[in-house]
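Have a look at the structure below, then the notes.
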Amino acid sequence: MTALPLIYAPDVRLALENRQPVVALESTIITHGMPYPQNLETAQRVEAEVRAHGAVPATIAVMNGQIHIGLTPEALEALAQAKDVMKISRADIAACLAMGRVGATTVAATMICAALAGISVFATGGIGGVHRGAELSFDISADLRELSETRVTVVAAGAKAILDLPKTLEVLETLGVPVIALGQNAFPAFWSRDSGLPAPLRMDSAAEIAAAHLMRARIGLPGGQLIANPIPAAAEIPRDVITPVIETALAEAEAQGIAAKEVTPFLLQRIFELTEGASLASNIELVLNNARLAAAIAVEITRQR
Ligand code: PSU
Ligand code: MN
């Protein structure tokens, strides 16, 4: 047995050794989800928000054959401007490590790395899900299966409205993934607070979410929880405003034959252009909001453990 290919940032290592709260953060949102320099600025603000709420942030990425659990400010800056970065999920993380390439971790890959590092909570923007037309394309994000396998609580603003949300909720139910909306009955849809669909479960505090996380481990259930945290009201783009924009972007993706890993980055970029930056401003606010909740859950898990 050789050691795990993990490198910890010093503050993350210290926090984990002392059983203090840590929040994992993904890197695909930096390299493929937002343009430079907003991606860097957001990543820095998200880390600061986690700290301000009592936890240590651990941004995760693959570099030089190692999984980095926490990035130095210099590494974060380099990643935000790097070209030729792989977007890695469960399928390609080992290959990326073996080839010594730079890899940005999606929700699925970040969950795998967080679990290896002993981190229970992870904050992102929105998870991947079942794409519209999946009955023909079979495009279903590996994020969903990962939620059913890997014991990490993932805080997201629901699933992106570019997806087929009813089918995404159906698949999550089939896979046995608890989907918990915070403080409301509706399942949120990323840029909008209400998808028009009910969330399967509702909780009103970080303490309840932490208790459910620990309970799953106690009764031996693998897999994580999806916490659907609605975007703050002041930052939301209402459903009737964003829906036609999404339809346009989807039609363009279809006409241009965009497929596989390119679909999500393409749609996010087009929606950014079509809303003249409004979608990005919302995206940044919802990620900050998720960082705050994830920190509160991590604090509660440490307290209750
Ligand atoms: N959330 C965002 N922006 C993003 C993503 C999530 O606000 O760019 C990324 C995540 O890394 C997620 C991925 O895992 O998009 C989903 O990609 P796909 O649909 O190809 O599985
Ligand atoms: Mn996909």
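The values are calculated or read from the model by the stated rules, or taken from the named source; none is laboratory data. Values in this document were obtained by computation on a predicted structure and should not be read as measured data. Cβ coordinates were reconstructed from backbone atoms using ideal geometry, including for glycine residues, and neighbour counts include every protein chain displayed.
Which residue out of 138, 122 is more than 16 Å from residue 162 (Cβ to Cβ), aromatic (Phe, Trp, Tyr), more than 8 Å from ligand 1 (Cβ to nearest atom) and in contact (Cβ under 8 Å) with a residue 60 or more places away in the chain?
122
Please work out which residue is surrounded by the fewest Cβ atoms within 10 Å (Cβ to Cβ), limiting yourself to the range 260-277 and to residues that are aliphatic (A, V, I, L, M) and either within 10 Å of ligand 1 (Cβ to nearest atom) or under 20 Å from the mean Cα position of the chain (by Cα) (or both).
Here is the first cut: in the range 260-277, the residues aliphatic (A, V, I, L, M) are 260, 263, 267-268, 271, 274.
Filter once more, keeping what is either within 10 Å of ligand 1 (Cβ to nearest atom) or under 20 Å from the mean Cα position of the chain (by Cα) (or both): 260, 263, 267-268, 271.
Working: 260: 9, 263: 19, 267: 21, 268: 23, 271: 24.
Here the residue is 260.
Identify the single condition in (1) under 22 Å from residue 184 (Cα atoms); (2) modelled with pLDDT of 95 or more; (3) in a helix (DSSP H, G or I) that residue 231 does not satisfy, given that it satisfies every other one.
With (1) under 22 Å from residue 184 (Cα atoms); (2) modelled with pLDDT of 95 or more; (3) in a helix (DSSP H, G or I) applied to residue 231, the lone miss is (3).
Residue under question is residue 116, and the condition is that it be more than 23 Å from residue 204 (Cβ to Cβ), more than 9 Å from ligand 1 (Cβ to nearest atom) and modelled with pLDDT of 95 or more; does it hold? Even if it seems obvious, please write down each step before you answer.
Values: more than 23 Å from residue 204 (Cβ to Cβ): yes; more than 9 Å from ligand 1 (Cβ to nearest atom): yes; modelled with pLDDT of 95 or more: yes.
Yes.
Pick from the range 215-263 the residues that are free of Cβ contacts under 8 Å to residues at least 24 places away in the same chain and within 30 Å of residue 305 (Cβ to Cβ): which of them is farthest from ligand 2 (Cβ to nearest atom)?
218
Among the residues in the range 246-261, are any small (Gly, Ala, Ser), touching a Phe, Trp or Tyr at 6+ places or on another chain (Cβ under 6 Å) and farther than 20 Å from residue 122 by Cβ?
yes
Condition first: touching a Lys or Arg at 6+ places or on another chain (Cβ under 6 Å), aromatic (Phe, Trp, Tyr) and crowded, with 17+ Cβ neighbours inside 10 Å. Can you find one or more residues in the range 122-130 that meet it?
First, pick out the residues of the range 122-130 that are touching a Lys or Arg at 6+ places or on another chain (Cβ under 6 Å): 126, 130.
Keeping just the survivors that are aromatic (Phe, Trp, Tyr) gives none.
No, the range 122-130 has no match at all.
For the range 141-185, which residues satisfy the criterion of being within 12 Å of ligand 1 (Cβ to nearest atom) and hydrophobic (A, V, I, L, M, F, W, C)?
If the condition is that a residue be within 12 Å of ligand 1 (Cβ to nearest atom) and hydrophobic (A, V, I, L, M, F, W, C), then 142, 144, 147, 154, 155, 156, 157, 159, 161, 162, 163 are the ones that fit.
Of the residues that sit in the range 11-39 and are in contact (Cβ under 8 Å) with a residue 60 or more places away in the chain and loosely packed, with under 15 Cβ neighbours inside 10 Å, which one is farthest from residue 121 (Cα to Cα)?
35
Of the conditions (1) more than 25 Å from residue 148 (Cα to Cα); (2) of a type in the set (D, E, K, R); (3) part of a helix (DSSP H, G or I), residue 276 fails just one. Which one is it?
(3)
State the number of residues belonging to the range 57-78 that are touching a Gly at 6+ places or on another chain (Cβ under 6 Å) and either farther than 29 Å from residue 2 by Cα or part of a helix (DSSP H, G or I) (or both).
Total satisfying the criteria: 0.
Residues checked against (1) surrounded by fewer than 22 Cβ atoms within 10 Å (Cβ to Cβ); (2) in contact (Cβ under 8 Å) with a residue 24 or more places away in the chain:
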| position | (1), (2) |
| --- | --- |
| 154 | no, yes |
| 157 | no, yes |
| 164 | yes, yes |
| 171 | yes, yes |
| 174 | yes, no |
| 190 | no, yes |
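For the condition out of contact with any Cys (no Cβ under 8 Å at 6 or more places or on another chain), among the acidic types (Asp, Glu) and farther than 22 Å from residue 285 by Cα, what is the one hit in 236, 247? Spell out the reasoning first.
Numbers: 236 fails: farther than 22 Å from residue 285 by Cα.
Exactly one of 236, 247 is out of contact with any Cys (no Cβ under 8 Å at 6 or more places or on another chain), among the acidic types (Asp, Glu) and farther than 22 Å from residue 285 by Cα, namely 247.
Quickly run through the range 65-84 and pick out the residues that are closer than 18 Å to residue 116 by Cα and not small (Gly, Ala, Ser). It would help to see each step written out before you state the result.
Residues of the range 65-84 closer than 18 Å to residue 116 by Cα: 65-71.
Residues satisfying the conditions are 66, 67, 68, 69, 71.
Which condition from (1) at pLDDT 95 or above; (2) closer than 22 Å to residue 226 by Cα; (3) within 16 Å of the chain's Cα centre (by Cα) is the one that residue 33 breaks?
(1)
What do you reckon, is residue 76 touching a Leu at 6+ places or on another chain (Cβ under 8 Å) and over 23 Å from residue 259 (Cβ atoms)? Even if it seems obvious, please write down each step before you answer.
Details: touching a Leu at 6+ places or on another chain (Cβ under 8 Å): yes; over 23 Å from residue 259 (Cβ atoms): yes.
Yes: the conditions hold for residue 76.
Within the bounds of the range 40-56, is there any residue that is in a loop (DSSP other than H, G, I, E, B) and loosely packed, with under 14 Cβ neighbours inside 10 Å? Before you say what the answer is, go through the steps one by one.
If we filter the range 40-56 for residues that are in a loop (DSSP other than H, G, I, E, B), which is where we start, we get 53-55.
Those still in the list that are loosely packed, with under 14 Cβ neighbours inside 10 Å too: none.
No, there is no match, as no residue in the range 40-56 is in a loop (DSSP other than H, G, I, E, B) and loosely packed, with under 14 Cβ neighbours inside 10 Å.
Suppose we keep only residues that are free of Cβ contacts under 8 Å to residues at least 12 places away in the same chain and of a type in the set (A, V, I, L, M, F, W, C) within the range 67-97. Which one would you say is surrounded by the most Cβ atoms within 10 Å (Cβ to Cβ)?
Looking at residues that are free of Cβ contacts under 8 Å to residues at least 12 places away in the same chain and of a type in the set (A, V, I, L, M, F, W, C), I get 78.
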